[in-house]
Amino acid sequence: MKPSKLFLLSLLLLMAYSCAPVTRRIPEYHGSVRSFIKEASTRFDSMNSELSIHYIKKTGRKMSADAVAVISPEGISVRFYQMGMLVGDLDTLEGRSTGYEVYEEVLKKALMWWRISGYETAELPGQIMLSAGNRRLVLAARTYVPLRQTIALPDSDAIITYSDYRNVDGSFSFWYPFKISVAYRGNSLEIEMSKVSLTHS
């Protein structure tokens, strides 16, 4: 191969490599799962987030919307938008969610999964399960990122799975899942976070 062609090939390979997405490795948490949950719960009891949702009913009907979610110890507010226009909301802060309490319970526990108390732990291969009340939360054994969660409800279980973890607090190295899937009563909800801000009220 001619030197000029070899140089061009090397340059193209370098450009392709430099444009490839960089996947950061989630660091291990050096401490017990109880210290992790306590630290996370102490640091973060409120959330502001922007997200997109894709809802598929068991009938096959599909709906999509952008949303803004605010969660605090006082309640939860989720406002849904399509083409920039408000099309609905779930809001215990303003008392406008009568009849949707189950969905708010699922959303709050799915989005703020570390807010769990009075739990018992059990070790699984490469995982740790936290059980409390109607919840079973499974974390990765070394990093304590959430893998899945089951919420037992009167009519059906809500099955939640997590992926696409990103660091949202450099000092604590708290990694939050930016993709959350919820299956409930034959319906499925796909949540993709675009912005997550965690604070303490």
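The values are calculated or read from the model by the stated rules, or taken from the named source; none is laboratory data. It should be emphasised that the depicted structure is a prediction, and the values quoted were computed from it without experimental measurement. Reconstructed Cβ throughout: ideal geometry from the backbone, glycine too, with neighbour counts over all protein chains shown.
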Take the range 43-65 and flag every residue that is within 19 Å of M112 (Cα to Cα) and not aliphatic (A, V, I, L, M).
-> R43, F44, D45, S46, N48, S49, E50, S52
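Given the condition aromatic (F, W, Y), outside any strand (DSSP E or B) and surrounded by 14 or more Cβ atoms within 10 Å (Cβ to Cβ), answer yes or no: does some residue in the range 170-181 qualify? If you could, list the steps in order and put the result at the bottom.
First pass over the range 170-181, keeping only residues aromatic (F, W, Y): 172, 174-176, 178.
Still in the running and outside any strand (DSSP E or B): 172.
Okay, now just the ones that are also surrounded by 14 or more Cβ atoms within 10 Å (Cβ to Cβ), so 172.
Yes: the range 170-181 contains one or more residues that are aromatic (F, W, Y), outside any strand (DSSP E or B) and surrounded by 14 or more Cβ atoms within 10 Å (Cβ to Cβ).
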Restricting attention to the range 133-146, does a residue exist that is on the phi > 0 side of the Ramachandran plot and in contact (Cβ under 8 Å) with a residue 60 or more places away in the chain?
-> yes
Residues of the range 160-169 being surrounded by 15 or more Cβ atoms within 10 Å (Cβ to Cβ) and either among the hydroxyl-bearing types (S, T, Y) or closer than 25 Å to G133 by Cα (or both), which ones?
-> I160, T161, Y162, Y165
Of the residues in the range 154-177, how many are under 24 Å from L124 (Cα atoms), free of Cβ contacts under 8 Å to residues at least 60 places away in the same chain and hydrophobic (A, V, I, L, M, F, W, C)?
-> 3
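If we only count strands (runs of 3 or more DSSP E) wholly inside the range 41-147, which ones have 2 or more residues that are more than 19 Å from the chain's Cα centre (by Cα) and not small (G, A, S)? Can you show your working first?
Working: elements: 46-56, 62-72, 75-82, 85-91, 120-124, 127-132, 135-140.
Fully inside the range 41-147 and qualifying: 62-72, 75-82, 85-91, 120-124.
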Pick from the range 146-201 the residues that are under 16 Å from W113 (Cα atoms) and aromatic (F, W, Y): which of them is modelled with the lowest pLDDT?
-> F174
